[in-house]
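Asks: Take a look at the following structure, please.
The values are calculated or read from the model by the stated rules, or taken from the named source; none is laboratory data. Keep in mind the model is a prediction, meaning the values are calculated, not measured. Glycine also receives a Cβ, built like all others from the backbone with ideal geometry; neighbour counts cover every protein chain displayed.
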Amino acid sequence: MRFVDNSFIDLPEGWEDRADVATEALINGNIVADDRSAIWKDLKESLESLSNGRCWYCETNIPRTDNAVDHYRPKGTVKGVTLDDEGKEITRYDIAPAHSGYKWAAFKPENFRFSCQHCNEYRKDLQGTAGGKWNYFPLVEENQRAYNELDEDDEVPSLIDPCNRLEWTLLSYDKAGKPFSRFEEGTAEDVKVKYSIRLYHLDQKRLNEGRIAQWKLFLPSVKDTKKWYLKKLRGDRGAEACFQKELKKVGQWFHPRSKNTYLGYLVYQLEQDKDKDVLHPWISELIRTVG
Ligand SMILES: [Zn+2]
């Protein structure tokens with residue numbers, strides 16, 4: 001996962017009026033949100049363009065599908081869910097009082113996340129790991145749940161939001177590309193990371209292997225850039241130009257239009273580089289510009 005800036009979503013002409021009418025009808029109980037699913041589906045391409053086709057939660061490239069718009073705050077009945085300390089077993093429960101959905105946010109562009117089906121629908125994969133956000137929206141404190149729009153800011157979601165700058169940096173990964181929590185057990189950060197890994201299905205064989213594969217493809221460029229940087233420091237002829245060329249190539253991996261994926265993992269790996277602050281300050285600079 002990495003930050004997706006959803007501040008500027010292209011809205012087709014008349015879209016906001018349709019959304020307002022639908023929101024009112026939904027709140028008044030005249031429709032269910034899915035009756036007007038065309039409204040959020042109409043924004044699918046605008047949302048998709050913000051990540052160049054990558055799922056905002058797991059960063060896989062999404063094949064063409066109709067169901068790629070997830071509501072961060074669920075549009076329908078919200079189900080309660082708790083996770084054991086290991087972050088593996090989930091227990092569902094009924095929220096009290098019952099919550100019929102964040103209706104005020106059902107047609108709000110800021111609540112839409114471009115998402116693959118592994119992340120937004122409950123499913124088990126072939127390796128038997130289950131995940132999917134579905135109609136869960138766990139909070140750090142359940143008693144702060146919002147039942148109306150004015151209370152929404154009181155909530156502290158237990159799910160990392162890719163549209164919050166820096167939140168994605170809470171995730172850590174081991175040598176096999178498997179995500180884990182680096183925080184003390186039970187802290188808000190620990191809870192957020194564990195719920196996100198479990199409910200977005202981020203610890204999945206295919207994803208973990210994909211992260212490692214991307215890093216292997218990316219690493220030679222980092223090594224070349226390091227080599228030319230050291231040659232530049234030594235004053236070798238032409239080294240500055242070669243360093244700039246290599247650095248540009250490394251930076252292109254993170255360009256919003258690039259088709260590369262698992263960029264959050266690549267940034268995490270760059271963060272772990274012990275040379276980044278002394279011998280190779282360009283790495284820290286790169287992280288700042290792409291992060
Ligand atoms: Zn996904």
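Okay, residues lined up against (1) hydrophobic (A, V, I, L, M, F, W, C); (2) not assigned by TED's automatic domain parsing to the domain that holds residue 180:
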site	(1), (2)
10	no, yes
22	yes, no
33	yes, no
36	no, no
45	no, no
53	no, no
58	yes, no
65	no, no
75	no, no
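To keep it simple, each residue is scored yes or no on (1) in a helix (DSSP H, G or I); (2) under 16 Å from the mean Cα position of the chain (by Cα); (3) surrounded by 19 or more Cβ atoms within 10 Å (Cβ to Cβ).
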{"residue": "159", "(1), (2), (3)": "no, yes, yes"}
{"residue": "186", "(1), (2), (3)": "no, no, no"}
{"residue": "189", "(1), (2), (3)": "yes, yes, no"}
{"residue": "201", "(1), (2), (3)": "no, yes, yes"}
{"residue": "212", "(1), (2), (3)": "yes, no, no"}
{"residue": "228", "(1), (2), (3)": "yes, no, yes"}
{"residue": "233", "(1), (2), (3)": "yes, no, no"}
{"residue": "240", "(1), (2), (3)": "yes, no, no"}
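Asks: Separate question: Looking only at region 9-41, which residues are of a type in the set (A, V, I, L, M) and surrounded by fewer than 12 Cβ atoms within 10 Å (Cβ to Cβ)?
Replies: Here is the first cut: in region 9-41, the residues of a type in the set (A, V, I, L, M) are 9, 11, 19, 21-22, 25-27, 31-33, 38-39.
The one that is of a type in the set (A, V, I, L, M) and surrounded by fewer than 12 Cβ atoms within 10 Å (Cβ to Cβ): 38.
Asks: Here is a list: 146, 96. Which entry is in a loop (DSSP other than H, G, I, E, B) and at pLDDT 95 or above?
Replies: Testing whether each residue is in a loop (DSSP other than H, G, I, E, B) and at pLDDT 95 or above leaves just 146.
Asks: Further question on the same structure: Any residue at all in region 46-53 that's part of a strand (DSSP E or B) and either more than 30 Å from residue 182 (Cβ to Cβ) or of a type in the set (Asp, Glu) (or both)?
Replies: The first filter runs over region 46-53 and keeps only residues part of a strand (DSSP E or B), leaving none.
No, region 46-53 contains no residue that is part of a strand (DSSP E or B) and either more than 30 Å from residue 182 (Cβ to Cβ) or of a type in the set (Asp, Glu) (or both).
Asks: Could you tell me whether residue 118 is within 14 Å of the ligand (Cβ to nearest atom) and touching a strand residue (DSSP E or B) at 6+ places or on another chain (Cβ under 6 Å)?
Replies: It is false that residue 118 is within 14 Å of the ligand (Cβ to nearest atom) and touching a strand residue (DSSP E or B) at 6+ places or on another chain (Cβ under 6 Å).
Asks: Check off (1) within 16 Å of the ligand (Cβ to nearest atom); (2) surrounded by fewer than 21 Cβ atoms within 10 Å (Cβ to Cβ); (3) touching a residue at least 12 places away in the same chain (Cβ under 8 Å) for residue 79 and give me the number that stays unchecked.
Replies: In the conditions (1) within 16 Å of the ligand (Cβ to nearest atom); (2) surrounded by fewer than 21 Cβ atoms within 10 Å (Cβ to Cβ); (3) touching a residue at least 12 places away in the same chain (Cβ under 8 Å), residue 79 misses (1) alone.
Asks: Here's a follow-up. Can you tell me which residue within region 42-76, out of those that are more than 14 Å from the ligand (Cβ to nearest atom) and among the charged types (D, E, K, R), is surrounded by the most Cβ atoms within 10 Å (Cβ to Cβ)?
Replies: Among them, the one singled out is 75.
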